[in-house]
Amino acid sequence: MRQTELLNITYETLQDAGQKVTRDQVRHVVFAFCNTLGAELLAGGEAPLPQLGKLKVKTRSARKCFNPSTGQEMMLPEGKRVVFSACKELREAL
């Protein structure tokens, strides 16, 4: 799904529900939601996604790996990753 598709589907869903909103208002709400999630993740917290699950930051420890083109062993430094944990209903549906 592309960004414009998400905005259009959200707009149409709200229109069908009888909400009088403009496409620009929908865009502002979606971007505000995403910015709030991003800020929470950058602060090291968890970001809930209702009826889907949650996003959280995990620290990945340093580890050995191999360069596939040269075969040389190298170390990857410790880093942070965003991970998604699906809610129980979504896991069962999949």
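The values are calculated or read from the model by the stated rules, or taken from the named source; none is laboratory data. Everything numeric here is computed off the predicted structure, so don't read it as measured data. Reconstructed Cβ throughout: ideal geometry from the backbone, glycine too, with neighbour counts over all protein chains shown. Accessible surface is based on the protein model in full, side chains and every heavy atom, while ligands, DNA and RNA are left aside. Shrake-Rupley method; radii C 1.70, N 1.55, O 1.52, S 1.80 Å.
Work out how far the C-alpha atoms of the chain reach from end to end along every principal axis, then list the three figures in whole Å, largest first.
61, 29, 27
How far is helix 3-16 tilted off the main Cα axis of the chain, in degrees rounded to 10, range 0 to 90?
Its long axis makes an angle of about 30 degrees.
How do the peptides 71-80, 18-27 rank, highest first, by the average count of neighbouring beta carbon atoms within 10 Å per residue?
18-27, 71-80
Which value at 222 nm does the chain reach when only helices count, each DSSP H run of 4 or more adding -39,500 (n - 2.57), with the total divided by all residues and rounded to the nearest 500 deg cm²/dmol? It would help to have the intermediate numbers written out before the result.
Numbers: 3 runs with 40 residues, N = 94.
Mean residue ellipticity, 222 nm, calculated: -13500 deg cm²/dmol.
For the chain, build the charge dipole from Cβ charges (+1 Lys, Arg; -1 Asp, Glu) around the Cα centre, then report which of LEU94, ALA43, LEU76 sits farthest towards its positive end.
Checked the options; the winner is LEU76.
Full extension from LEU94 to ALA17: what is 0.36 nm times the residue separation minus their Cα-Cα distance, to one decimal in nm?
Gain in length upon complete extension: 25.0 nm.
What's the lysine pair count for the chain at a Cα cut-off below 23 Å, pairs eight or more apart or interchain?
Numbers: LYS54/LYS80; LYS54/LYS88; LYS56/LYS80; LYS56/LYS88; LYS58/LYS80; LYS58/LYS88; LYS64/LYS80.
For the chain, the number of qualifying lysine pairs is 7.
Excluding ligands, DNA and RNA, what is the solvent-accessible area per residue of the stretch 1-80 at a probe of 1.4 Å, expressed in Å²?
Solvent-accessible surface per residue comes out at 81 Å².
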